[in-house]
Amino acid sequence: MNGGDEVVAAPSGPPQALDWKFSQVFGERAAGEEVQEVDIISAIEFDKSGDFLATGDRGGRVVLFERTDTKDHGDSRRDLERMDYPVTRHPEFRYKTEFQSHEPEFDYLKSLEIEEKINKIRWCQTANSAVFLLSTNDKTIKFWKVQEKKVKKVSDFNLDPSKAVGNGSIASSSNSSSPKPYLANGGCPDRTNSYLSNDLSIPLGGIPSLRLPVVTSQETSLVARCRRVYAHAHDYHINSISNNSDGETFISADDLRINLWNLEISSQSFNIVDVKPANMEDLTEVITSAEFHPTHCNTLAYSSSKGSIRLIDLRQSALCDSHAKLFEEQEAPGSRSFFTEIIASISDIKFGKNGRYILSRDYMTLKLWDINMDSGPVSTFQVHEYLRPKLCDLYENDSIFDKFECCLSGDGLRVATGSYSNLFRVFGCAPGSTEATTLEASKNPMRRQVQTPSRPSRSLSSSITRVVRRGSESPGVDANGNSFDFTTKLLHLAWHPTENSIACAAANSLYMYYA
């Protein structure tokens, strides 16, 4: 030691597995209560600060929640952490407001019904006390401003409440017979009364002092206002919207095209990716998800139904049909089947916070990609391997086409995604980590522990060694003997940007957990 400085050795090995606990539930349904289709949650998103959470549902509504546990100390949680203030409470949210974002429409030219269901929500930069967000259904994107409006009231009038009459004015006393030559303040009573209402008179001796009316705020109400509507730019269903880090632009993606918008201009957009072939019979893949890089405003990634991810650079050309990088995993020889392409389709991609990694979700697995290494994923996490023998049944009931979302923790050490029977899975992705936790979206998340197959390791010089644990042959039972229900699926979830807290949607209920 020199100068009394103690050298602390860095902890070795991967971080410990998290112990998840139930935090809150909104919209919990009673046993046997039937869920209305319009109430089913279809989108979840935290804002960048983690102080707000938004959900969208199939009825076209957006519901906002606000964090409450940080307000007890008066400062933001991050400021308190910088001051080493002991923060022991877990994140708590309260209902803030809701508004109708989209209504059902009908396209008369195409004889097509347009659902009001919210497909995606993205938070925009805040300004003053207002919050801004983008929401989209299949065809139309809307830009919303939600702000507290104060209801103002004027008080301290120059009136005597003891003489008030029914209409709120002062009772007349102009019938006094006492002489009124002149008032103390020099005014003439006759002249004054000539232009005053009959309900108001000047008292004897004049008015000793005048008070200016005071505007007081009695209460506040939240008002959601649609600032802009970005419409008529997509022939196919919108599957993604993503904000740019420049704070000025965003992208929207459908099956065949990606458009670039300026937040201030709703009348036009620029088509930056178009994978539509000249002859639609030659169509072999579609766009399934798209997202901007979190810090590089010129870079974005999009995934396809063939299991590939393309990274494009907006500086290369106006129409970015040629990619800068292509990420895809080569299939093992002899493993191809009827279901190979279906289960390879990527349903969601997310950039890590620093933009170095991309997380992708296909039907069977989660994959973590390093954008500097396009030879294959650095990690693969088995999510639905036990369903492989059931692919025929899943195809028959259309479950094989379910689109599960994925998310990364703010520190990049863990990833999460949903599954059937209202289960979701959390994996550790730090080097050497074997963390693989399965939780149920209920008040007791650890009630049904499923021993998920361990994560296959991958060396940089070899391909991924797949660990396959097939499920048992009895229908509706996974490899661990737990029954699964294809009708209850956890498709949507979001990880808090700075803390180990997850919000997930089980039908119409929003569950929140912390560790």
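Can you name the residue in the stretch 130-166 that is modelled with pLDDT under 85 and polar (S, T, N, Q) and, of all such residues, is farthest from Ile41 (Cα to Cα)?
Ranking the candidates gives Ser162 first.
Working only within the stretch 116-137, note down all residues that are among the small types (Gly, Ala, Ser) and either in contact (Cβ under 8 Å) with a residue 60 or more places away in the chain or open to solvent by 10 Å² or more (accessible area, probe 1.4 Å) (or both). I'd like the intermediate steps shown before the answer.
If we filter the stretch 116-137 for residues that are among the small types (Gly, Ala, Ser), which is where we start, we get 127, 129-130, 135.
Within the stretch 116-137, Ala127, Ser129, Ser135 meet the criteria.
On the basis of being open to solvent by less than 40 Å² (accessible area, probe 1.4 Å), modelled with pLDDT under 90 and not polar (S, T, N, Q), does Gly186 make the cut?
Considered against the rule, which asks whether it is open to solvent by less than 40 Å² (accessible area, probe 1.4 Å), modelled with pLDDT under 90 and not polar (S, T, N, Q), Gly186 comes out as no.
Name the pairs: first residue in the stretch 24-38 and closer than 11 Å to Ser509 by Cβ and open to solvent by less than 70 Å² (accessible area, probe 1.4 Å), second residue among the charged types (D, E, K, R) and assigned to a loop (DSSP other than H, G, I, E, B), Cβ to Cβ under 7 Å, at least 6 apart or on different chains?
Gln24/Glu92; Val25/Lys443; Val35/Arg29
Failed condition for Tyr195, given (1) crowded, with 18+ Cβ neighbours inside 10 Å; (2) of a type in the set (Phe, Trp, Tyr); (3) modelled with pLDDT under 70, with all others met?
All conditions are met except number (1).
For Glu385, are the conditions met, namely being more than 17 Å from Ala17 (Cβ to Cβ) and within 20 Å of the chain's Cα centre (by Cα)?
No.
Could you list all residues from the stretch 348-375 that are closer than 30 Å to Asp393 by Cα and either more than 27 Å from the chain's Cα centre (by Cα) or open to solvent by less than 30 Å² (accessible area, probe 1.4 Å) (or both)?
Hits for the stretch 348-375 are Asp348, Ile349, Leu359, Ser360, Arg361, Asp362, Tyr363, Met364, Thr365, Leu366, Lys367, Leu368.
Being among the aliphatic types (A, V, I, L, M) and open to solvent by less than 20 Å² (accessible area, probe 1.4 Å) is the filter here; which residues of the stretch 42-68 pass it?
The answer is Ala43, Ile44, Leu53, Ala54, Val62, Leu64.
Limited to the stretch 99-115, what total is found for residues that are within 24 Å of the chain's Cα centre (by Cα) and either open to solvent by 90 Å² or more (accessible area, probe 1.4 Å) or at positive phi (or both)?
2
Please state which of the following conditions Gln125 fails to meet, knowing it meets all the rest: (1) in a loop (DSSP other than H, G, I, E, B); (2) under 16 Å from His237 (Cα atoms).
(2)
Considering only residues that are among the basic types (Lys, Arg) and open to solvent by less than 80 Å² (accessible area, probe 1.4 Å), which ones fall in the stretch 213-240?
The answer is Arg228, and nothing else.
The values are calculated or read from the model by the stated rules, or taken from the named source; none is laboratory data. All of these numbers come straight from a predicted model, not from anything done at the bench. Cβ: placed from backbone, ideal geometry, glycine included. Neighbour counts: every protein chain shown. Protein only, heavy atoms only, side chains kept; ligands, DNA and RNA dropped before computing areas. Shrake-Rupley method; radii C 1.70, N 1.55, O 1.52, S 1.80 Å.
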